[in-house]
Amino acid sequence: MSDLVRPVILCGGAGTRLWPASRDSFPKQFLRLTGELSSLQETLKRVGDGRVFGKPLVITHRDYRFIVREQFAELGVEADIVLEPSRRDSAPAIVAASMIASRSRPGELLLVLAADHYVRAPEKFVDSVRRAIPAAREGRIVTFGMQPDHPATAYGYIKPGKEIAGMGARDVDAFVEKPDAKTAAGYVQQGYLWNSGNFLFRADVLLDEYRAFLPESAKTIQNAVDGSKTDLDFLQLDPKAFGEAERKSIDYAVMERTKKAAVIAADYGWSDLGGWQALWAISEQDAAGNVARGNVLVLDSKGSYVSSSGKLAVLLGAEDMVVVVEDDAVLVAHKDSTESLRKLVDTLREKKKAEADTHARVYRPWGSYQGVDRGEGFQVKRIVVNPGGQLSLQKHKHRAEHWVVVNGTAKVTIGDQVKLLKPNESTYIPLGEVHRLENPGETPLELIEVQTGSYLGEDDIVRIEDVYKREND
């Protein structure tokens, strides 16, 4: 049995409470919300000490697999990436990861972390993990309870019980749901802790408990793991079997039922970044309590959060506001109203607004594209292809394309011809012609694409060959 703790990073959430920055197509764990690194990358850095932590295992939705791989590559970190074919909440994901990890080491210590949380003091985080190891080795499922600095209503709470002799941990007397303000104040006075949703346990212990509480679901998850297939660098769980697993959080499935729960009290500046109010609270503020990120100007205002990914955003004479400007959507809300964003996103979905889930910039394994303009029978896109990236060999039934290179070098295949295009050079792909775009260089390739035709949807692709083994670009 290894002495190292193996991180299991849950990376499948959608993060709708940070809309419009976070959307289903590119959720908050991949965004650079607090600095130069994404939340996922910050999580990886926290478990980067090879004297304490082993190789990470990341479980994410299939749609995010190439984003995860790219963000790992930026840090030079290797990990095992497991793909969920459908979202079944945290318990099936954690159980599947535990089954995979226990194939070779049944008693391996697993540290379950959310990819979208924030930690102000990473060294204190590592110290808390070290303190939790003895109890986890003895068969406890240890959760990390955060010392509250205010009566928060956005978190669940843990009531600590008696001290476990020689373990530095306490029993858990109760897990309680998110309270109202008055109840939360009482919890803080009584010494309750915030429930961080992070856990340390032996893989075999967690699996024994889950099998005892949800035996049928455990069988379906085992079938999903046994039926998993390797897809490029990823392990794909069997879709049918995993889809039959009971949709449940690990709290409901195990933690609120087990007699093996323990809690370590910790204080490392934790936040789940559950909304704009939480992000404002952990961000650097000016003398008036304002947070300004991106191309913004804040005047005669206080207590506000203003962010813009491009266009100039100006806030004048306002108080306790959240203003978030993206290329295709703008949010203006009072800070106290941002907890209702899930409801707002649901409303946008009901109205079939694409902006509910999809960014103007769409990420692909080869790079990204962004809509610039669109009209009857045409649309214009800005395409960026990463060094070494290539689109599939494909053709279109309903549209022709014009490509103009702006930066970098494009390797273009049209029918039997292959040519290189430099900046200010262009080419034309007739309707129905087989073609491919590649970046053979060491810098990003940028080009403008003009599509013309009777139908311009993304599903107008007849794929002939694809190195990423996708069904669609």
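Any read-out appearing in this document is the output of simple, stated calculations on the displayed coordinates, not a laboratory observation. Everything numeric in this text was worked out from a predicted model, so none of it was measured. In this analysis, Cβ positions are derived from the backbone assuming ideal geometry, glycine residues included, and neighbour counts consider all displayed protein chains.
Data for the structure
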item: Stretchable slack from Leu75 to Glu256, in nm (0.36 nm times residue separation minus alpha-carbon distance); result: 61.5 nm
item: Residue-span extension gain [Lys343 to Glu433] - 0.36 nm each, minus C-alpha spacing; result: 27.9 nm
item: Glu355-Glu138 FRET efficiency (beta carbon distance; Förster radius 35 Å; 0.05 resolution); result: 0.10
item: Proportion of all alpha-carbon pairs of segment 361-465 beyond 20 Å (%); result: 32
item: Cross-link table Lys55/Lys124; Lys302/Lys335; Lys311/Lys352; Lys352/Lys395, entries beyond 18 Å C-alpha to C-alpha; result: Lys55/Lys124; Lys311/Lys352; Lys352/Lys395
item: Label point distance in nm, Asp459-Val176, each placed 7 Å from Cα along Cα→Cβ; result: 5.0
item: Residue-averaged [θ]222 nm for the chain, counting only DSSP H segments that reach four residues, each worth -39500 (n - 2.57); result: -6500 deg cm²/dmol
item: Sorted peptide list for 360-370, 177-187, 23-33, criterion being average Cβ within 10 angstrom, highest first; result: 23-33, 360-370, 177-187
item: DSSP-defined antiparallel bridges as percent of all bridges, the chain, nearest 5; result: 65
item: Average Cα contact separation per residue, segment 169-285, under 8 Å, 6 or more apart, as relative contact order %; result: 32
item: Space enclosed by the convex hull of the alpha-carbon atoms of the chain, per residue, Å³; result: 163
item: Between segment 366-418 and segment 448-470, the Cα center-to-center distance that results, in Å; result: 9
item: Contact order normalised by residue count of segment 6-271, Cα under 8 Å, 6+ apart, percent; result: 25
item: FRET efficiency estimate (nearest 0.05) - Cβ-Cβ, Thr183 to Glu442, R0 51 angstrom; result: 0.30
item: Estimated inter-spin distance, Lys229 and Val404, nm [label 7 Å along Cα→Cβ]; result: 4.3
item: Segment 6-271, Rg to Rh (Cα coordinates; Rh as Kirkwood inverse mean 1/r); result: 0.94
